[in-house]
Amino acid sequence: MAKAARARRSPTARRKVAARAAAGDAAQPLVLYIHGVGRHKPADELKAEWDLALFGSDRGDATRMAYWSDIVHPPATGGKRSKRGTRTADEPSADVADAALKEAGVSSKAAGDYAEAIAAMLGAPAGRTRGPGKKVLPLPRFLRKPVSAAFLKAFIGDTAAYFFDKEKRRRIRERFQAVVPDDGRPLTIVAHSQGSIVALEVLAALGASVNVVKLVTIGSPLGLQEVQDFLDVLPGRKPFDIPGGVEQWHNFADPLDPVALDKGLRGEFGRPRDANPPRPLIVDELVVNDGTRKLIGFNPHSAIGYLAHPKVRRSVHEGAQFDSMARFVVARDVAEGLAVEGRQPVIIELLEPGYWALGERGPELEAREDRERRAHGEITLADRVERAAAQIGEVVRTMARAEGRSPDQAEADARIDPLRRFVAARLTPDEVRQVAVEHKTFNVYAVWRSSSKKKLIARSQAVLQVDAARGSYGARGGGIVWAVLDTGVRSDHAHFKNGTIQAVWDCTQRGAPKRLTSDTDRDGHGSHVSGIIAGESRHKGTAYAGMAPDTRLVVYKVLDDNGQGEDAWIIKALDHIARQNENAAGQVIHGINLSLGGPYDSTVYGCGFTPICQELRRQWRAGVVVVVACGNEGQLDVQTSDGEVEINTSMSIGDPANLEDCIAVGSVNADKPHLYGVSPFSSRGPTSDGRLKPDVVAPGERIMSVNSRSKTEYRVESGTSMAAPHVSGMLAAFLSARREFRGRPDDVKRILMDACTDIGRDRYHQGRGVPNLMKMLLSV
């Protein structure tokens, strides 16, 4: 078989290839894919999915897929179909080895012995098991069960079909050979699972006639002795020779991947003794497959889970000479979700009219926009958003009809929600792929994950000298309106009896924000935050007042009753605020408080440039002060040999507090900030790109404020969620006394930070220190 493959190119042809390569052929680098075990979706769809996972966009002719699934798994003519158009694997019988061989159509004694050996190695004697045992997957049964049985059957069946059916082996190898070009251009090969076996054998046969600048194997079984016994490579001694045309080999494996039981290939394959110049050894690297981190859809062997990993992407990009900072359509964290069935929340950013993107030439874009104008009238961003929402809805309905599902129910499940610059939706992997393919038609700039955000929980007026400013300057917040983006508010609480709550809007449901008439805040976080900013009351003889008692609040419910939310909900609230300010003669809302946040992935976004940060930056530049809690990730619990210990962490500022155009607030002790300093839980800087954060710190420990579960009572909470509204209220009070600074957030931030009191802590912990309202008022 090896000889036949070698004969595919004559010595003359090989000399021509070498000559072209030596002459510096200008052919573009090419990336070749070859998939692994199992029944897969059609070749073009699979290639597009791999493109999105690795590059974030459809790479067209720059990539090719060696597709062989249909050889072992002919297209199903009946039986249950999955949502993605692939046949659902039946629960295997007790004898997995026999069932796998029967489905693969292999019946020889040698194949039976091989199947028994694999099954035994993966967890049970004589192959009588329902999947890999704890030796292979050291996890509870409820985690192993979803993937183990079906995986074991697929692995045994596909590899047995390849090793013991000569005709199928020949056809599979030909599929890979067919995508290898003859022009000597540099190749990067990405091989998953059994695909690495096929790639190795073909490359060994082709030898130096190909120019493989990098071979990337993911979840490879090449380290297993049971697999090596049947490899068709020359010579057949160990360590096996690295194929002559391969310059670099990078192998990735997940610690729990049951296919890649032997995680390292370096000791199994090496340099030929006569290699000149000698080729580098294999680089083995352990990575955590994204499929390993999921309880639903747990699959440490997932191809997409490997491909979307930053280290795998970086390795492929280097081999393909691809700029890792180049524009993508689908963000990496969205691409990770392609590995799991079900819908994931996304926000789809639309191109503004006239924007030149993805290398389009100006005249081409202008011609396309002329066609749009003729067909749809004058183009605005709102037009594009509405049209894209309709087009995405049609994608959802079309796919549902093709799969025999209800189009109406599918569209309802997708929750397509037009925003101002985005379309929010919950899409399946196939729907995401189709939107990416049609991105130019739909005017899509990028598909981002609608990241989760949560509340930040973990005697203060004197610390900020708010009480003194109230008495001396009458700085009570009158005439100022502040937006609170949180869990809602209990507006009928006695603390808000004088009309403090101007309106409450629900942004968690599909469609435009809905004004709430009933007073409810089941979580209570939003009520507590709102009470720190404004309102006042007496309870059991004690007076309770917000930092700016007369400030009016517009509350947006962007977190659900469990304190969890999405970027899309927050952006919907910001759109509503922008419209109010734009449609009024003067500024309607002067500031925004966000006592919420979440992690951010530096492999997807620039620091401070997530979609929510982009929208907050627009608010800031439109004249709205933005105050954000910096997060409660400053202290982590770590297990050591001596038990659990607490450690403090730097570079723990959350998103969107890492935005430059905002005031990020950390927490200090409410009573003795100079003595006790920064709260242990308060997130610390710098930001991941090296900027100073937090900007300031404010009281955040054991803060008394409104209890939403009662109309009269108060309760204590701690966290940077409590520190941020202290600053929001203080700034509302400042703007009520110094009206000329309304609409000038840069000046307000400068005055705030210049008037801070240094408490003697590290600048990346305390920022500029504790704000002082009296100093602010005296300075201007």
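The values are calculated or read from the model by the stated rules, or taken from the named source; none is laboratory data. What you are looking at is a predicted structure, and each value in this text was computed from that prediction instead of being measured. Backbone-built Cβ (ideal geometry, glycine too); neighbour counts: all protein chains shown. Quick note on the areas: whole protein, heavy atoms, side chains included, nothing else; ligands and nucleic acids left out. Shrake-Rupley method; radii C 1.70, N 1.55, O 1.52, S 1.80 Å.
A few comments on the model shown:
- Exactly one residue out of 691, 715 is outside any loop (DSSP other than H, G, I, E, B), charged (D, E, K, R) and surrounded by fewer than 24 Cβ atoms within 10 Å (Cβ to Cβ), and it is 715.
- In the set (1) out of contact with any Asp or Glu (no Cβ under 8 Å at 6 or more places or on another chain); (2) modelled with pLDDT of 90 or more; (3) surrounded by 16 or more Cβ atoms within 10 Å (Cβ to Cβ), the condition left unmet by residue 204 is number (1).
- Filter pass, residue 672 being open to solvent by less than 30 Å² (accessible area, probe 1.4 Å), among the charged types (D, E, K, R) and more than 22 Å from residue 530 (Cβ to Cβ): no
- Single residue of 391, 409, 461, 465 found to be open to solvent by 10 Å² or more (accessible area, probe 1.4 Å) and touching a Phe, Trp or Tyr at 6+ places or on another chain (Cβ under 8 Å): 391
- The residue pairs whose first member lies in the stretch 478-507 and is at positive phi, whose second member is of a type in the set (Lys, Arg), and whose beta carbons are closer than 6 Å, counting only pairs six or more residues apart or on different chains, are 488/557.
- The lone exception for residue 480 - which of (1) within 30 Å of residue 498 (Cα to Cα); (2) modelled with pLDDT of 85 or more; (3) surrounded by fewer than 18 Cβ atoms within 10 Å (Cβ to Cβ) it fails: (3)
Residue by residue, here is whether (1) touching a Cys at 6+ places or on another chain (Cβ under 9 Å); (2) modelled with pLDDT of 95 or more; (3) open to solvent by 30 Å² or more (accessible area, probe 1.4 Å) holds:
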| position | (1), (2), (3) |
| --- | --- |
| 721 | no, no, no |
| 729 | no, yes, no |
| 747 | no, yes, yes |
| 762 | no, no, yes |
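- Residue that is farthest from residue 488 (Cα to Cα) [pool: residues in the stretch 573-599 that are open to solvent by less than 10 Å² (accessible area, probe 1.4 Å) and assigned to a helix (DSSP H, G or I)]: 575
- Restricting the stretch 299-327 to residues that are modelled with pLDDT of 85 or more and surrounded by fewer than 20 Cβ atoms within 10 Å (Cβ to Cβ) leaves a set whose member that is nearest to residue 251 (Cα to Cα) is 311.
- Of 61, 51, 70, all but one fail to be modelled with pLDDT of 90 or more, more than 23 Å from residue 162 (Cβ to Cβ) and either open to solvent by 10 Å² or more (accessible area, probe 1.4 Å) or among the basic types (Lys, Arg) (or both); the exception is 61.
- Here residue 536 qualifies as charged (D, E, K, R) and open to solvent by 30 Å² or more (accessible area, probe 1.4 Å).
- Taking residues in the stretch 729-749 that are closer than 17 Å to residue 470 by Cβ, and partners anywhere that are buried (at least 16 other Cβ atoms within 10 Å of the Cβ) and aromatic (Phe, Trp, Tyr), the pairs with Cβ atoms closer than 7 Å and at least 6 places apart or on different chains are 732/482; 735/741; 737/473.
- Taking the stretch 422-497 and the strands (runs of 3 or more DSSP E) fully enclosed by it, the elements with 1 or more residues that are hydroxyl-bearing (Ser, Thr, Tyr) are at 444-449, 452-455.
- Count of residues meeting criterion [polar (S, T, N, Q) and at pLDDT below 85] in the stretch 131-174: 1
- Any pair with Cβ under 8 angstrom, 6 or more apart, that starts in the stretch 89-108 at a residue that is modelled with pLDDT of 80 or more and ends at one that is open to solvent by 50 Å² or more (accessible area, probe 1.4 Å) and in a loop (DSSP other than H, G, I, E, B): 101/107
- Residue match in the stretch 359-382 (condition: at pLDDT 90 or above and surrounded by 14 or more Cβ atoms within 10 Å (Cβ to Cβ)): no
- Considering residues of the stretch 645-669 that are modelled with pLDDT of 95 or more and open to solvent by 20 Å² or more (accessible area, probe 1.4 Å) only, the residue nearest to residue 617 (Cα to Cα): 661
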